[in-house]
1. State whether one or more residues within segment 338-350 are in contact (Cβ under 8 Å) with a residue 24 or more places away in the chain, closer than 22 Å to residue 422 by Cβ and crowded, with 17+ Cβ neighbours inside 10 Å.
2. Please work out if residue 326 is over 23 Å from residue 47 (Cβ atoms), touching a residue at least 60 places away in the same chain (Cβ under 8 Å), in a helix (DSSP H, G or I) and polar (S, T, N, Q).
3. Give the residues of segment 266-282 that are more than 24 Å from residue 220 (Cβ to Cβ) and assigned to a helix (DSSP H, G or I), sorted by residue number.
4. Quick check: anything in segment 170-185 crowded, with 18+ Cβ neighbours inside 10 Å, more than 20 Å from residue 289 (Cα to Cα) and at pLDDT 85 or above?
5. Looking only at segment 440-465, how many residues end up being modelled with pLDDT of 90 or more, over 21 Å from residue 402 (Cβ atoms) and in contact with a Gly (Cβ under 8 Å, 6 or more places away or on another chain)?
6. Going by what's in this entry, would residue 408 be described as buried (at least 19 other Cβ atoms within 10 Å of the Cβ) and in contact with a Gly (Cβ under 8 Å, 6 or more places away or on another chain)?
7. Based on this model, can you work out whether residue 449 counts as part of a helix (DSSP H, G or I), hydroxyl-bearing (Ser, Thr, Tyr) and at negative phi?
8. With acidic (Asp, Glu), outside the structural domain of residue 42 (by TED's automatic domain parsing) and not in a helix (DSSP H, G or I) as the only criterion, which of 366, 321 stands out?
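The values are calculated or read from the model by the stated rules, or taken from the named source; none is laboratory data. In this text, all values refer to a predicted model and were calculated from it rather than measured experimentally. No Cβ is skipped: glycine too gets one built from the backbone with ideal geometry, and neighbour counts run over all protein chains shown.
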Amino acid sequence: VFQVFICRVLIHGVTALWCAAKAGHFEVVRLLIRHQANVNHTIPITKSTPLRAACFKGHMDIVQYLVEHQADINIVDNDNTTCLMVAGCQGHTDVVRFLLERGADLNRGHMDIVRELVSRRAAVVEDKRGMTPLKVAADRCQADVVKFLLAYADCDAKSRIEALELLGASFRLFPKERLPHIEAYGLRRECKSLEELENIRVDHDALHMEGLMIRERILGSDNFFVPNQVFYRGTLYANRWEFDNSIKLWLHALWLTERCNCKTHKALLILVELFYKMVHLHKPLNAVSVEQVMSCSVLEIQRSISRVDSAAEGELPQALDNYKTNIFAFLYLSCISTKTTCGEEQRTRMNKHIYDVIKMDPRSDDGSTLLHLAVSPGTQVNSCYTKDVCIFPNAQVVKLLLECGAQVDAVDHEGNTPLHVIVQYDQLICDLLTLHTIISSLVEAGAHTDMANKQKKTPLDMCSTSAAKDLLKSQMKMSLQCLAARAVRKHSIPYRNEIPKTLEEFLEFH
């Protein structure tokens, strides 16, 4: 079992047979099945099978071979879709006919496939997201399919009107329910007459907003398919450097994503990158927008912690990847907040979000806290804008985290404190000031300069340069309690069960 990237997403639990079926390597598929490969193995996260992969790509020879060797044609994935639906959606008519001949359940597809399905009396029903074949065809601009299905006996008047609206070919000429004013859509209201529509016919932005409003009204604000088009429209604005409009649309898309209870970590990273692009181009950041994204990030970290705690064994790697992504997204947002001009009230709200996350104590793979990551030169950054604007170690972020309650002596899996990490920073020729500022901030916040890690090394022992050692020595303020603790440890004076547990822990740090 492997982990592979599918559409730039890391997927765990993928078998060699699945990969061969998707890639169209018939001889490899045959060889693997001869050696007892499981033809019905499902990927833990998506529930995809080798047959589904072959149907998606239209590899007819592999589809036939898998079915002949007991592949189940009716296994559904996490979206409750079958191999027949996948083949139909991709337009593989030969695969559809073969699956139908083998007794596959009936559902939706492209024009020739739709005719084939309708001729076999396929039922027109909603899936778990409220999508019908007619809505899917309209949403994907398949006008020929829409026209064909409009004549279908089970298609009522309301469904016809909504489908035509989704397709953009017609609008109602009588009063209808409309969405409330939404800032992301320019506070516009949906047209309710041909005259109103005629008034915006040359206003491309207004027409696009009209389409977004129609989609959200008909499909619903909690529909999985709605946010994608909103994100896309926001991307077009961002490419035109119209950042205010872009942020409004992406924030609305983020809210829509939360409404349908979907993971938002990718959406958060998109907004983070936009903020960094604005800083890179010296564009002012809107404090309210930054605070709203931070609020969403806090919620996503809470959800990702819950997902990790409740994940089944096969789903745990993916849940941990998402959790890690959310930690870094919030770290980047914390950095953005230091570059955002705002009033006292807005600053307090941002700092409260940081405080809330610190209290949750999220950790990276090696047990690093946000403070560890802020002082580490190894902290990853993703895009060209992030690398240019957000550089680690970062003295401003360190100060901010400490002000918001970060534990200065928190330890990672190796027993290293943030002070152990920063003294290993060796880019001193160009960044001596950062090293000095961070060491000073940590010591002033109460960092123990004599605290030992699991290798019994103190920060002073870990210094990678003489400059770091000199800086640390100049900042060292040995307290009486630290001196006493070191004396107890040095002379092996018994202390267990003789002093409070909290003091035992304090002694063991020395």
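1. There is no residue in segment 338-350 that is in contact (Cβ under 8 Å) with a residue 24 or more places away in the chain, closer than 22 Å to residue 422 by Cβ and crowded, with 17+ Cβ neighbours inside 10 Å.
2. On the way: over 23 Å from residue 47 (Cβ atoms): yes; touching a residue at least 60 places away in the same chain (Cβ under 8 Å): yes; in a helix (DSSP H, G or I): yes; polar (S, T, N, Q): yes.
Against the criterion (over 23 Å from residue 47 (Cβ atoms), touching a residue at least 60 places away in the same chain (Cβ under 8 Å), in a helix (DSSP H, G or I) and polar (S, T, N, Q)), residue 326 qualifies.
3. Here is the first cut: in segment 266-282, the residues more than 24 Å from residue 220 (Cβ to Cβ) are 269, 272-282.
Selection gives 269, 272, 273, 274, 275, 276, 277, 278, 279, 280.
4. Filtering segment 170-185 for residues crowded, with 18+ Cβ neighbours inside 10 Å gives 171, 182, 184-185.
Those left that are additionally more than 20 Å from residue 289 (Cα to Cα): 171.
If we keep only those that are at pLDDT 85 or above as well, we get none.
Within segment 170-185, none of the residues are crowded, with 18+ Cβ neighbours inside 10 Å, more than 20 Å from residue 289 (Cα to Cα) and at pLDDT 85 or above.
5. 2
6. The answer is yes for residue 408.
7. On the way: part of a helix (DSSP H, G or I): no; hydroxyl-bearing (Ser, Thr, Tyr): yes; at negative phi: yes.
For residue 449, the condition - part of a helix (DSSP H, G or I), hydroxyl-bearing (Ser, Thr, Tyr) and at negative phi - is not met.
8. 366
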